[in-house]
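The values are calculated or read from the model by the stated rules, or taken from the named source; none is laboratory data. Just so it is clear, the model here is predicted, and its values are computed rather than measured. Note that each Cβ is placed from the backbone with ideal geometry, even for glycine, and that neighbours are counted across all protein chains shown.
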Amino acid sequence: MEDEKILREVTKDYLVHDGLQVLEAEDGQQALDLFETNLVDLVILDIMLPVLDGWTVCRRIRKQSNVPILMLTARAGEDDSLLGYELGADDYLIKPYNPRILAAKVRRFLQRQATPDRAMLEAGGISLNIPARTAAVDGVPVELTYMEFELLSYLMQNPNRVISREELISQVWGYDFVGNDKTVNSHIRNLRAKLGQRAVTIVTVIRSGYKFEVQP
């Protein structure tokens, strides 16, 4: 427990050194209260929280915001990470983690939000406003999580090209990603559900990956 406290303090020092303001919560309910009363750009969420666990906090935050959520867990089980992704988590780190890696992940999330490559992407009835990080399907707004938005954006920027799961992991999640191919599958499944009839634009290429394809 003492080691975990030290790890949190070292992590906070790295983030503060990067010029970030860090709000800390001792339990899940306090985390929700802080989120609802402050402008938050990113959430680092421990699964094993008292009062309300991390799963519950993640689920409730996702009902009201698409803010990036990075989850911390002492469990290395695949089922736990997949559950987190199903609930809307964007990335995972297994404790004990390297504070430098966590700080690098945070920087990457925030930099992507601040420096979009293009202003708008439009194809197949789907529109992405990159600076505003908003999405619409046939003119109707659709709520996407941070990583769902990044995934769809990368696919749309590479139309009609088969993209392997390995490439998606490298380009969307990054070199320090903790997970496997099932993580990509889970996000694609969630994304398709939100795209409705336009889900056909994301084509599965057996044993190869996915591609964004607009039918003529």
Within region 110-142, take every residue that is loosely packed, with under 13 Cβ neighbours inside 10 Å and of a type in the set (A, V, I, L, M, F, W, C) and give me the one that is modelled with the lowest pLDDT. A114
Pairs only if they're at least six apart or on different chains, beta carbon under 8 angstrom, first in region 146-161 and buried (at least 16 other Cβ atoms within 10 Å of the Cβ), second modelled with pLDDT of 90 or more and in a loop (DSSP other than H, G, I, E, B); list them, first residue then second. L152/L144
Given the conditions (1) within 20 Å of A103 (Cβ to Cβ); (2) assigned to a helix (DSSP H, G or I), report the number of the one that Q30 does not fulfil. (1)
Residue list for region 48-75, restricted to those being out of contact with any Lys or Arg (no Cβ under 7 Å at 6 or more places or on another chain) and of a type in the set (A, V, I, L, M): M48, L49, V51, L52, V57, I61, V67, I69, M71
Between I188, I206, I202, which is surrounded by 15 or more Cβ atoms within 10 Å (Cβ to Cβ) and farther than 13 Å from Y85 by Cβ? I202
Subset of region 188-216 (residues that are part of a helix (DSSP H, G or I) and either within 20 Å of the chain's Cα centre (by Cα) or not assigned by TED's automatic domain parsing to the domain that holds V172 (or both)): I188, R189, N190, L191, R192, A193, K194, L195, A199
Right, R107: surrounded by fewer than 17 Cβ atoms within 10 Å (Cβ to Cβ), of a type in the set (K, R), modelled with pLDDT under 85 and in a loop (DSSP other than H, G, I, E, B) or not? no
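Tell me, please, whether a residue that is modelled with pLDDT under 85, assigned to a loop (DSSP other than H, G, I, E, B), assigned by TED's automatic domain parsing to the domain that holds K12 and buried (at least 16 other Cβ atoms within 10 Å of the Cβ) can be found in region 66-79.
If we filter region 66-79 for residues that are modelled with pLDDT under 85, which is where we start, we get 66, 73-79.
Then drop every residue that is not assigned to a loop (DSSP other than H, G, I, E, B), which leaves 66, 74-77.
Keeping just the survivors that are assigned by TED's automatic domain parsing to the domain that holds K12 gives 66, 74-77.
With the extra rule that they be buried (at least 16 other Cβ atoms within 10 Å of the Cβ), the set shrinks to 66.
Yes - at least one qualifying residue is present in region 66-79.
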Just give me the residues in region 164-187 being of a type in the set (A, V, I, L, M) and either at pLDDT 90 or above or in a helix (DSSP H, G or I) (or both), in sequence order. L168, I169, V172, V184
Close pairs (6 angstrom Cβ cut-off, 6 or more residues apart or separate chains): at positive phi in region 41-64, assigned to a loop (DSSP other than H, G, I, E, B) and at pLDDT 90 or above anywhere: V51/D27
